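Here's the structure we're looking at; comments come further down.
The values are calculated or read from the model by the stated rules, or taken from the named source; none is laboratory data. Quick caveat: nothing in here was measured; it's all calculated off a predicted structure. Note that we place each Cβ from the backbone using ideal geometry, even for glycine, and neighbour counts take in every protein chain shown.
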Amino acid sequence: MDSLISTLAIWALPVVLAITLHEAAHGYVARHFGDPTADLAGRITLNPLRHIDPVGTILVPAGILALSSLAGAGGILFGWAKPVPVNFGRLRNPKADMFWVAAAGPFMNLLMALGWAILFRIAMAGEPGDYTLPMMKMADAGMQINAVLMVLNLLPIPPLDGGRIAVSLLPNRLAWGFARLEPYGFPILLVLLFTGVLGTILWPLIAGFRYLLGAIVGI
């Protein structure tokens, strides 16, 4: 039980920040390109309470962490926040601007992963103390959850960000046809998850990103 509580305490802040700031970034970029929907809904904010989904932000990540801790094995930790409302029709150039709105979330995860990596490097180089190891563990958790969310969301499956990026880049006829897959995107993702295919795809990409991140900051 103590191990489970410690694990949840270490992961709580990185998970909440990774998921909520990902969503806020979508809203901020959408406003920049002409759609104030998220702004009017009060979703362009650093307040995580405005973005938390009780199931996706709390129960699902906590459940995965609990099962991993009790089983002594790792799994793909992921979750979601309340989607930021974006009216793509209100963007100044809907198809082209969709690229930047969709890419904003993974890019925010990239920045956060880099920030946690720098914190890990600072903690590693500092004097050993009561807070050094917990800080390093939290920073490692921050790198991991942001790596997972960035890579996962870049998969070209609508409505993931990668799917919407693909829609923005494809020629019109192919784009509209591909966009029609969006209602089936989440079931497809669940099938990939429970068959193990998702992990087979994601883990090498996540490991490669973590290696590159470590090389950049010297850890």
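Here are the numbers for the structure shown:
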{"item": "Sole residue being out of contact with any Phe, Trp or Tyr (no Cβ under 7 Å at 6 or more places or on another chain) and either in a helix (DSSP H, G or I) or more than 27 Å from Val60 (Cβ to Cβ) (or both), chosen from Ile219, Ile165, Ile157, Ile206", "result": "Ile206"}
{"item": "Segment 124-151, residues that are small (Gly, Ala, Ser) and either within 21 Å of Thr200 (Cβ to Cβ) or assigned to a loop (DSSP other than H, G, I, E, B) (or both)", "result": "Gly126, Gly129, Ala147"}
{"item": "Test: residue in segment 189-200 that is hydroxyl-bearing (Ser, Thr, Tyr) and surrounded by fewer than 15 Cβ atoms within 10 Å (Cβ to Cβ)", "result": "yes"}
{"item": "Residue list for segment 136-154, filter: aliphatic (A, V, I, L, M) and either surrounded by fewer than 18 Cβ atoms within 10 Å (Cβ to Cβ) or within 19 Å of Leu21 (Cα to Cα) (or both)", "result": "Met138, Ala139, Ala141, Met143, Ile145, Ala147, Val148, Leu149, Met150, Val151, Leu152, Leu154"}
{"item": "Arg210 under 15 Å from the mean Cα position of the chain (by Cα), modelled with pLDDT of 90 or more and among the basic types (Lys, Arg)", "result": "yes"}
{"item": "Selection count, segment 77-135, where residues are within 21 Å of Pro48 (Cβ to Cβ) and touching a residue at least 40 places away in the same chain (Cβ under 8 Å)", "result": "23"}
{"item": "Selected residue (criterion: surrounded by the fewest Cβ atoms within 10 Å (Cβ to Cβ)) from residues of segment 88-106 that are part of a loop (DSSP other than H, G, I, E, B) and out of contact with any helix residue (DSSP H, G or I) (no Cβ under 8 Å at 6 or more places or on another chain)", "result": "Arg92"}
